[in-house]
Amino acid sequence: MISAVVFDLDGTLAEFNLDVKAVRAEVMQFLIKQGLPPSVLSIRESIFEMLKKAKIYMKNSGKSDAEFDSVHKSALSIARKHELKAARETSLLPGVLETVRALKKRNLKLGVFTINCRDSAEHILSNLGLKRFFDAIVSREDVSRVKPDPAHLDATLKALGVAAEETVVVGDSVADIVSAKALNVKAVGLASDDEAAGKLTSAGATYVIKSIADLMPLVRGLSS
């Protein structure tokens, strides 16, 4: 029996036009100014991967936890600036409102787990008329480790008060699927094309759908 559905935000519920490369480039330059060697950083890495390297480098260089915490906070402030700008230009993906409304009519608990900052996530959900449907929103600021680390999803399940076996996770990224599989949660990959479907399947997606409109029939089948 399914009692909850947890969604990724960007690319699953909304089209979030965040310039990821610009965010990474600015954070990368900031970290270099803090003394990190350019050779250990890459624009292909997420800012969270960069910060992991920064923590190790600063620790090995004799820096205190407080010094890293300051760098960590400043780096995420850079990301937050970009995210809030992008949040004002976000659009709802087709079929999302109808699907979320139908899920709530079945008395399911709904949650969002996102690596975006909380202000950005809440602005998007409020602006798009979705926030009233969700029982929990767990942003990067609410956890010590973000997806694909399962701690992020685990915190979302706890916020909803549901067990892993009664939950479905829906997302368009490998990180969503990996975090779900680590907790034995049913993972539904939302794929834009066959290549994306292949990646999500390889990551361990229990099911792959091509449209969010396909989610409701799937949930009905799992609940029967």
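Details
- Looking across region 130-142 at every residue that is under 12 Å from the mean Cα position of the chain (by Cα) and of a type in the set (A, V, I, L, M, F, W, C), the one that is surrounded by the fewest Cβ atoms within 10 Å (Cβ to Cβ) is identified as 137.
- So residue 79, is it hydrophobic (A, V, I, L, M, F, W, C), outside the structural domain of residue 212 (by TED's automatic domain parsing) and either in contact with a helix residue (DSSP H, G or I) (Cβ under 9 Å, 6 or more places away or on another chain) or modelled with pLDDT of 95 or more (or both): yes
- Some residue of region 129-151 being without any contact (Cβ under 8 Å) to a residue 12 or more places away in the chain, touching a helix residue (DSSP H, G or I) at 6+ places or on another chain (Cβ under 7 Å) and assigned to a loop (DSSP other than H, G, I, E, B): yes
- Counting only residues that are touching a helix residue (DSSP H, G or I) at 6+ places or on another chain (Cβ under 8 Å) and outside any helix (DSSP H, G or I), region 8-34 holds 10 of them.
One line per residue, one yes/no per condition, for (1) of a type outside the set (A, V, I, L, M, F, W, C); (2) in contact with a Ser or Thr (Cβ under 6 Å, 6 or more places away or on another chain); (3) surrounded by fewer than 14 Cβ atoms within 10 Å (Cβ to Cβ):
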| site | (1), (2), (3) |
| --- | --- |
| 7 | no, no, no |
| 23 | no, no, no |
| 29 | yes, no, yes |
| 57 | yes, no, no |
| 68 | no, no, no |
| 78 | no, no, no |
| 92 | no, no, no |
| 106 | yes, no, yes |
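- Test: residue in region 94-110 that is modelled with pLDDT of 95 or more, in the same structural domain as residue 138 (by TED's automatic domain parsing), under 24 Å from the mean Cα position of the chain (by Cα) and of a type in the set (Ser, Thr, Tyr): yes
- The set of residues in region 38-71 that are within 19 Å of the chain's Cα centre (by Cα) and assigned to a helix (DSSP H, G or I) comprises 47, 48, 49, 50, 51, 52.
A quick yes/no check of all residues on (1) assigned by TED's automatic domain parsing to the domain that holds residue 83; (2) of a type in the set (Asp, Glu); (3) touching a Ser or Thr at 6+ places or on another chain (Cβ under 9 Å):
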{"residue": "134", "(1), (2), (3)": "no, no, no"}
{"residue": "137", "(1), (2), (3)": "no, no, yes"}
{"residue": "140", "(1), (2), (3)": "no, no, yes"}
{"residue": "152", "(1), (2), (3)": "no, no, yes"}
{"residue": "159", "(1), (2), (3)": "no, no, no"}
{"residue": "170", "(1), (2), (3)": "no, no, yes"}
{"residue": "176", "(1), (2), (3)": "no, yes, yes"}
{"residue": "180", "(1), (2), (3)": "no, no, yes"}
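- Verdict on residue 83 being in contact with a Cys (Cβ under 9 Å, 6 or more places away or on another chain) and buried (at least 17 other Cβ atoms within 10 Å of the Cβ): yes
- In region 143-167, residue farthest from residue 108 (Cα to Cα) [restricted to those that are polar (S, T, N, Q) and crowded, with 16+ Cβ neighbours inside 10 Å]: 156
- Test: residue in region 51-65 that is basic (Lys, Arg) and under 24 Å from residue 12 (Cβ atoms): no
The values are calculated or read from the model by the stated rules, or taken from the named source; none is laboratory data. Predicted, not measured: the structure shown is a model, and the values here were computed from it. Note that we place each Cβ from the backbone using ideal geometry, even for glycine, and neighbour counts take in every protein chain shown.
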